[in-house]
Amino acid sequence: MTTAPAHAGWRFRQPSVIPGFGLTLGFSLAYLTLIILIPLSGLIWRSAALGWTDFWALATDRRTLTALKISFGTAFIAAAVNVVFGTLVAWVLVRYRFPGRRIVDAMVDLPFALPTAVAGIALTTLYAPTGWLGKLLMPLGLKVAYTPLGIVVALVFIGLPFVVRTVQPIMEEIDKEVEEAAATLGASRFQIISRVLLPGLAPAIITGFSLAFARGVGEYGSVIFIAGNLPYKSEIAPLLIVIRLEEYNYPAATAIAAIMLALSFAMLLVINLVQTWSRKRYG
């Protein structure tokens, strides 16, 4: 007669054939503490030392609110644009074979390797009123450089690889037979995309969006050249922090940084909750 094994109960960690859990966990916690937790704690402590009245006065300054609106608004728009076109680029790279495909695939990673300042100068040269593309857009009434539109263009450039490289591996796992089976059952092309492909790609798309958005909010080097940095018009929050530091106005710089930290954390929390729901729903 056999008896059922006793219930082991909850364990802090699962057994593993690879030793070193304690050492690696300690190193990870120490690294995160030194690199992330201590600087963020210092920022929060410095903000708390201002007092609620002073902090609120600095946070509600019109120039600060405008810079925050431009930073988060342009980052959101650029991430949304990258979701659409990044998914299309990933689709082309996965589903089609054509001459120069490897070159196109390598070009996707160019914003990773290119210094952000170089990217900003190149984009400004192209989209300035006297640039190659800018002088073609000016007769159409489109001014890109030195406007919020230029910021969006720069953030689309630096954020595209995040969406492509997040969606591409998941798309490679989806067999073409699934699409063909849906087509043989009478599904239209729109139904195949919306009901067969997108549900499986939704978690990856949301992850790519969150990565592109987070990168765009804190981007500095590629934006300051093409933005024009006009207060109340095209001035981003990271640049305003630098300006306050150069003015030795450390309380204002701390307040802006704390607001950016809180807003970024809140938006990433919402995105992660949506991503978790999407994974539970679609697998």
(request) For the chain, build the charge dipole from Cβ charges (+1 Lys, Arg; -1 Asp, Glu) around the Cα centre, then report which of PRO169, THR184, THR147 sits farthest towards its positive end. (result) THR184
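Using per-residue counts of other Cβ atoms within 10 Å, averaged over each peptide, order 89-97, 71-79 from highest down. Write out the running numbers ahead of the final one.
Working: 89-97: 15.4, 71-79: 22.0.
Ranking, from highest mean packing down: 71-79, 89-97.
Let me know the shape class of the chain, please: from the alpha-carbon gyration tensor, a ≥ b ≥ c as square roots of the eigenvalues, rounded when a/c is under 1.5, otherwise prolate if a/b is greater than b/c, or oblate. Could the numbers behind the result be given before it?
On the way: a/c = 2.18, a/b = 1.15, b/c = 1.89.
Oblate.
Using +1 on the beta carbon of Lys and Arg, -1 on that of Asp and Glu, and nothing else charged, what's the dipole of the range 86-218 about the Cα centre, debye to 20?
Details: 11 positive and 8 negative charges, 91 e Å.
About 440 debye.
Sum up the charges of everything whose Cβ sits under 14 Å from the Cβ of VAL242, counting Lys and Arg as +1 and Asp and Glu as -1, but leave VAL242 out. Each step should come with its number before you reach the end.
Values: positive: ARG63, ARG244; negative: GLU219, GLU235, GLU246, GLU247.
Residues near VAL242 contribute -2 overall.
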(request) Pick out, from PRO39, GLY221, LEU211, the residue whose Cα sits farthest towards the positive end of the charge dipole of the chain, with +1 on the Cβ of Lys and Arg and -1 on the Cβ of Asp and Glu. (result) LEU211
(request) Give me the aspartates and glutamates in straight-line cross-link reach of LYS233: C-alpha distance below 20 Å, same-chain residues under 8 apart excluded. (result) ASP61, GLU219
(message) List the lysines whose Cα sits under 18 Å from the Cα of LYS280, skipping any in the same chain fewer than 8 residues away.
(response) none
(request) With a 1.4 Å probe and every protein chain kept in, tell me what percent of the accessible surface of the chain is carbon plus sulfur. (result) 70 percent
(request) Convert each backbone phi in the range 115-125 into a coupling constant with the Karplus relation 6.51 cos²θ - 1.76 cosθ + 1.60 (shift: θ = phi - 60°), then list the ³J(HN,Hα) values in order as whole Hz, x for Gly and Pro. (result) x, 4, 5, 5, 4, x, 5, 5, 5, 5, 4
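The values are calculated or read from the model by the stated rules, or taken from the named source; none is laboratory data. Treat the numbers as computed from the prediction; the structure is a model and nothing was measured. Positions of Cβ are backbone-derived with ideal geometry, glycine not excepted, and every protein chain shown enters the neighbour counts. Please note that ligands, DNA and RNA were not included when accessible areas were found on the heavy atoms of the full protein model with its side chains. Shrake-Rupley method; radii C 1.70, N 1.55, O 1.52, S 1.80 Å.
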